[in-house]
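All remarks here apply to the structure that follows.
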Amino acid sequence: MVDKVEKKKEEAKESVPPASKNEKSKKKSKEHNEEEQLSEEDLKLKSDLEVLVERLKENDVNLYQPSLDKLKDFIKSSTSSMTAVPKPLKFLRPHYAEMCAIYDKWTNKELRSALAEVLSVLAMTYSENNRHDSLKFALLCENLNIESWGHEYIRHLALEIGEIYNQQVEKEGSGDAPPGELQETSTLKDEGFEFSKDAIVQLSLEIVPYFLKHNGEADAVDLLLEIESIEKLPQFVDKNTYERVCQYMVACVPLLPPPEDVAFLQTAYSIYLSESQLTEALSLAIRLGDESLLRSVFDATSDPVVHKQLAYILSFQKSAFEYEPVQEIIGNTKLSEHFLYLAKELNLTVPKVPEDIYKSHLDSTKSVFSGTGLDSAQQNLAAAFVNGYLNMGYCNDKMLIDNDNWIYKTKGEGMTSAVATIGSIFQWNLDGLQQLDKYLYVEETEVKAGALLGIGVSACGVHDGEVEPALLLLQDYVSNSNPKISSAAILGLGIAFSGSKNEEVLGLLLPIAADTSLPIETSAIASLALSHVFVGTCNGDITAAIMDNFLERSGVELKTEWVRFLTLALGILYMGQGEQVDDVLETVSAIEHPMTSAIEVLVSACAYAGTGDVLLIQDLLHRLAPKPVHEDEDEDEDEADSETADHESSLNAISDILGKQSPEENEQHTDEGDQMNVDSSGEQDDTKEKKEQMNGNDSGNENGDEPKGESEDKEAVMVDELSYAVLGIAMIALGEDIGKEMSLRHFGHLMHYGNEHIRCMVPLAMGLVSVADPQMKVFDTLSRFSHDADLNVSMNSIYAMGLCGAGTNNARLAQLLRQLASYYSREQDALFITRLAQGLVHLGKGTMTLDVFNDAHVMNKVTLASLMTVLVGLVSPGFMLKNHQLFFTLNSAVRPKFILTLNEDEEPIKVNVRVGQAVDTVGQAGKPKTITGWITQSTPVLLNHGERAELETDEYISYTNHIEGVVILKKNPDYEKEEAS
């Protein structure tokens, strides 16, 4: 048996070799088949190419040039599918190394150059990682004809140029080269070939025209961005390409780091100006914030009608620019006239009363005031606010104007705001000054203060150049001994002159802002008013006055809520100024007070508002991440332990930001389904608070009384820092759609894991991100938060719902707010905020907006400053309810959202326009539609957030590219001829 087994094994062994032989023979046959699979044409091509390469190896110099020409012809004339490599390149690939050796061997300059051209193309299929042979041989070729080799080759060259340039920049940055100087040549170690920067840039400038000629505008811009030469673009652009180039450049701005984003805007501006696209150039000049650029746009034409159109665009930005022939338009003196024309055309002239939106008759419960013992004076004040919002700008109402006694239905401070709402009704119209004048002679200081504030509100944004009635009326009351009257007058000036850079107002209010002997409330309001007037100007005098308050005020004064407005005033001065804020931040860091970190957060967030700066958002999220609690016993432990703790805390921070949860929480949240378990999150917060309190008590007992006081200071400051960080994320993310979406997601996480101060601010941040843009997902989330266990969170959520639907008349939002009014009918503060939110949703009967950006994507700094004033006040809603006059700062953010068409004589005309959802067409081929789902309407029409309009026919030609606001049209002389034909 054993012998048999052994025999079988031997037979098996002997049978193995034949099998392996079969495999070898199969491989050979496969290779043979591959050769056989080539068609006769391909075989002939392959053999021809091999013959040509062989000729290059021979010693007969006369054969070289004809052979190279033939090779070039073969490569250029080859046709292949989009995905396949051209056959000549495929067959020449094995000979690449030999041809490189031939190049090194040859000495004739012309022949070497011709061969380098072929090798440069061939290197596309051969180049390995970090070998840039295509670019190397392209530079070695003296008379390279780039266009003849086609699009794919040029794109490959552009890619290698970018890689090489970045490598050299990194090398210079690492200290291998002299700092601050771009070397003309740098050598890459792996190849020993010197890439000259001048040569690379020169080659790039040859590629750019090719891209522009062949609809590769984005590629051209990207290449110049890679080699840091974007300012060289205008020389290559013509009337056929400028539009697509500039659209792409402007769309790139939110995604670029600071120096490059400004360079892109400046380059696009110069292109638009050279192509006489003045309205587009003006929009970019406003974004750049440079008055000399604005003046260049006006000087570029002598056409008075174009000047008027430019002035209307500036007036919507509340610009302080001065240009004498159209100063009235820039000063918004015709805004009220245009708005009342809109109201008449839309049949909105009949005044409404608050009950029209309260709809109390629909409420199944009993009347709000019946038997609840509510403070009706506060609800009357709410009704006054709602009446002001509802009839804003219409110059008539049914409640206040003809009934002088109505204001006495409110009490104390409430009378101030009730009278000031008359200013809201007459907003942009100086007739309001006559209505308010009679209240200046009343004995009650609150009523007089309300009249002063109302005068400022009615004159909001309207400047007649020669005479400023609001200034003349208010200046005498600014230094009044009664703080109620002086504060109202100062705030009124701030609202009336927001964005105007008025020097008289500066001279009037600066001494008050800088005087640290006055109550901090007065100085804070003066600083805030000045910052609104000089928004985004980096004014040194106002900055110094605010810094004096921080440095010289006592610790007790710096603990009040008014300090937040000093901080915000500093932020508003540097709004949108980016790196210019660095000097101020250095000065702030020198202040020895725990609040410096909070000031830095808010001021830097304002400076980079609307930029979408990802690194700043990450920094703010890091501040919001929970920090580990270190007990006193741990102080004696070694450094290694502390390092691991830091590492763990950073990991915890990241996991919190990403929304990772423990298994128990996961189970808990899966049980919840779509609804948020408010009670459980409230319990978690309670336990957190208890732990913090215990830790605070322990440290207080061990360290004595003084550290306990210090820890209280730090905790109060920490509240501000966290609140500002949440608002900062919203402010920075405003400028970019993807950033907005991501910020909303982060806010959801912060609402789950943040402490009560963070949770209080998240709804307001969500409201700011989607202001006047009622997205279902946002206001449904806010609706859930509005029933939170923490009343501050609920009130801020309700107010944020108002911001979301500002001026939209959104029916679903209105219904949710009516339900909330019923739900909070016995909670007077929450009911007051609900009424304000209802007023905001029906702002101007649905004809106005608080939108921060217009269709040209220009950020309105005045609007953002006004919104931020109210939101910072709502860090503690109780304070804002007590100082409700501050809600009037929102009035300077309001603008009508109409499209009004005028002829060249500035008379209104009716034209059909299509209004639809705006579509992003940047970088798309052809001429795609810029709107979708449009409805044709006759002007004047309303334009909501995210909508765009275009003229239906060619009967009129618009003086502006963006059909929004006041648009001047001229008759198209060719239109009738086309109709006749």
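The values are calculated or read from the model by the stated rules, or taken from the named source; none is laboratory data. Fair warning: this is a prediction, and the values are worked out from it, not measured in the lab. Glycine gets a Cβ as well: all are built from the backbone with ideal geometry, and neighbour counts include every protein chain shown. Surface accessibility is based on the protein's heavy atoms, side chains included, excluding ligands, DNA and RNA. Shrake-Rupley method; radii C 1.70, N 1.55, O 1.52, S 1.80 Å.
Treat every Asp and Glu Cβ in the stretch 251-345 as -1 and every Lys and Arg Cβ as +1, leave all other atoms uncharged, and give the resulting dipole magnitude about the Cα centre to the nearest 20 debye. Roughly 260 debye, rounded to the nearest 20. Here the stretch 262-417 exposes an accessible surface that is 49 percent carbon and sulfur, computed with a 1.4 Å probe and the other protein chains kept in place. Evaluated over the stretch 392-544, the count of Lys pairs having alpha-carbon atoms less than 19 Å apart is 9 (only pairs 8 or more residues apart or interchain).
Computed over Cα pairs, the Kirkwood radius of the stretch 436-527 leads via Stokes-Einstein (0.692 mPa s, 37 °C) to a diffusion coefficient of 251 µm² per second.
Note on the stretch 754-833: the C-alpha convex hull projects to 4.7 nm² when averaged across all orientations. Three semi-axes describe the equivalent ellipsoid of the stretch 222-341; taken as square roots of 5 times the Cα gyration tensor eigenvalues and ordered largest first, they are 30, 15, 12 Å.
Determine the per residue accessible area of the stretch 439-483 with all protein chains present and a 1.4 angstrom probe, expressed in square angstrom.
42 Å²
Using the Stokes-Einstein relation with a Kirkwood hydrodynamic radius computed over Cα pairs, the translational diffusion coefficient of the stretch 271-344 at 4 °C and a viscosity of 1.567 mPa s comes to 102 µm²/s.
Which peptide among 392-402, 917-927, 321-331 comes first, and what is the full order, when sorted by highest mean count of other Cβ atoms within 10 Å?
Highest to lowest by the protection proxy: 392-402, 321-331, 917-927.
Using only side-chain charges placed at the Cβ, +1 for Lys and Arg and -1 for Asp and Glu, the dipole size of the stretch 445-550 relative to its Cα centre rounds to 260 debye. Summing +1 for each Lys or Arg and -1 for each Asp or Glu among the other residues whose beta-carbon sits under 14 angstrom from that of residue 293 gives -2. The peptide list 577-584, 794-801, 715-722, put in order of mean Cβ contacts within 10 Å with the highest first, becomes 794-801, 715-722, 577-584. From the alpha carbon centroid of the stretch 207-228 to that of the stretch 454-521 is 52 Å. Normalised Debye scattering of the stretch 421-470 at q = 0.16 Å⁻¹ gives log10 I(q)/I(0) of -0.39, counting only Cα atoms as equal scatterers and leaving out solvent. Ligands, DNA and RNA left out, the 1.4 Å accessible surface of the stretch 424-544 is 49% carbon and sulfur atoms. At the listed q of 0.19 Å⁻¹, the Debye profile of the stretch 292-433, built from one uniform point per Cα, gives log10 I(q)/I(0) equal to -1.09.
Average projection, convex hull of the Cα set of the stretch 492-633: 9.9 square nanometres. For the pairs 740/929; 239/334; 109/232; 334/927; 57/136, flag any whose C-alpha to C-alpha distance is greater than 27 Å. Over 27 Å apart, Cα to Cα: 239/334; 109/232; 334/927. The charge dipole of the stretch 493-583, taken about its Cα centre with unit charges on the Cβ atoms of Lys, Arg (+1), Asp and Glu (-1) only, comes to about 240 debye. Summing Lys and Arg as +1 and Asp and Glu as -1 over all other residues whose Cβ lies under 10 Å from the Cβ of residue 842 gives a net charge of +1. Using the average count of surrounding beta-carbon atoms within 10 Å as a protection proxy, the listed peptides 279-287, 777-785, 566-574 rank, highest first, as 566-574, 279-287, 777-785.
Summing +1 for each Lys or Arg and -1 for each Asp or Glu among the other residues whose beta-carbon sits under 12 angstrom from that of residue 816 gives +2.
Under the simplified labelling scheme, the residue 952-residue 107 pair shows an inter-label distance of 8.2 nm, with each label point 7 Å from Cα along Cα→Cβ. Centre-to-centre separation between the Cα atoms of the stretch 232-287 and those of the stretch 761-790: 36 Å. Taking one quarter of the surface of the convex hull spanned by the alpha-carbon atoms of the stretch 900-981 gives a direction-averaged projected area of 6.4 nm². When a/c reaches 1.5 or more, the comparison of a/b and b/c decides; with that in mind, is the stretch 844-981 rounded, prolate or oblate per its Cα gyration tensor? Prolate, since a/c reaches 1.5 and a/b exceeds b/c.
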